[in-house]
Amino acid sequence: MSPVQFNTHTKSPGWVPLKKIFLSAKSDFLRKFGGQRFSEKHLIGAAMWKWLCESGQITQELRAYAEAIHYRPGKERDGLPLWRLVFKATIRNTPEIDALFSGARKGPTPRYARLAAAGLVPDKPADFVARPAAEEPTSVQPDGPNLHSAYRALNEWVLDDLGIEWVYVYTTKRELENFANAGIEPLLKVGQTRLHYSQRIGTQVASTASNSPFVCTTAYRTRDAQQLEAAIHKALKLQDRHVRDAPGIEWFQVTPEALHTLVQAMTGKTL
């Protein structure tokens with residue numbers, strides 16, 4: 001086995017057995033370390049790997065594969081051991097592991113200047129001009145025979161009185177609890193639909209495995225949901241908040257409040 005492998009981590013003989021071990025040992029690891037909090041997320045993986053080795057769950061042959069450094073083009077500059085890549089690919093971003101993480105998540109913080117440079121908001125926050133009260137969006141309650149009551153939004157707003165389309169935001173209850181209790185910014189799904197948003201969410205989550213209930217935080221009624229959704233996605237990607245390894249392509253690491261502020265800035269509405 002070569003000590004240096006380039007972008008072949010998934011072809012390593014240790015890849016599949018290590019994935020099985022990490023997934024099967026997750027529950028025991030959480031029972032042992034559930035009371036601890038880690039200031040940096042990579043330390044959780046290091047603690048789990050050390051525990052797996054010390055508890056005899058890793059053979060010497062498998063450990064040799066696991067600790068070989070892998071360099072992936074365009075990824076980690078200094079390479080990573082195979083076990084760390086397996087940890088990232090299996091349980092690193094699960095809600096249970098997130099609950100052990102008490103520090104601020106890494107990555108760029110939202111900067112007003114980046115949105116201004118993209119022409120999405122004024123150069124200075126002070127340049128915002130509040131619209132007259134008559135133009136402010138109004139809160140509404142969904143009604144109709146085909147609505148999914150389990151996914152009614154906590155907050156619902158009308159951005160256009162003539163609109164019949166929706167931009168919706170949802171997440172899981174566990175993500176909101178992690179945010180409230182530990183300040184961990186939640187992962188939010190931002191989508192759009194011409195149906196009522198509760199129907200669309202009900203269809204999506206029916207095919208999504210999750211051990212935590214889904215919660216719709218906000219829904220916006222508008223005339224062109226596709227255009228608004230695209231603008232939101234672009235702005236959040238400029239802030240490096242797009243979560244590329246999440247299931248689906250519309251998940252972002254951002255608080256509901258920050259997202260709501262962004263929508264106000266884009267639409268010129270003051271809530």
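The values are calculated or read from the model by the stated rules, or taken from the named source; none is laboratory data. Since the structure is predicted, the reported quantities are computational estimates derived from the model, not experimental observations. Because the Cβ atoms are built from the backbone with ideal geometry, glycine has one as well, and the counts that use them run over all protein chains shown. We work out accessible area using only protein heavy atoms, side chains counted, and drop any ligands, DNA or RNA first. Shrake-Rupley method; radii C 1.70, N 1.55, O 1.52, S 1.80 Å.
If the limit is 20 Å between Cα atoms, which of Lys26/Lys237; Lys19/Lys88; Lys173/Lys237; Lys189/Lys234; Lys75/Lys189 go over it? Beyond 20 Å: Lys26/Lys237; Lys173/Lys237; Lys75/Lys189. A full extension of the chain between Lys32 and Val16 corresponds to an added length of 3.3 nm, given 0.36 nm per residue minus the alpha carbon distance.
Treating r as the C-beta distance of Glu96 and Lys237 and R0 as 25 Å, the FRET efficiency rounds to 0.35. When Val215, Val86 are compared by accessible area of protein heavy atoms, the largest-first order is Val215, Val86, using a 1.4 Å probe.
Per-residue counts of other Cβ atoms within 10 Å, averaged by peptide: what ranking do you get for 165-175, 34-44, 192-202, 151-161, highest first?
165-175, 192-202, 151-161, 34-44
Given a Förster distance of 35 angstrom, what is the FRET efficiency for Gln57 paired with Thr203, based on the Cβ-Cβ distance and rounded to 0.05? According to the calculation, E is roughly 0.30. The distance between label points at Ala230 and Ser212 comes to 3.2 nm (points 7 Å beyond Cα on the Cα→Cβ vector). Distances between placed amide hydrogens fall under 5 Å for Gln192 paired with Tyr168, all partners being 5 or more residues away or on another chain.
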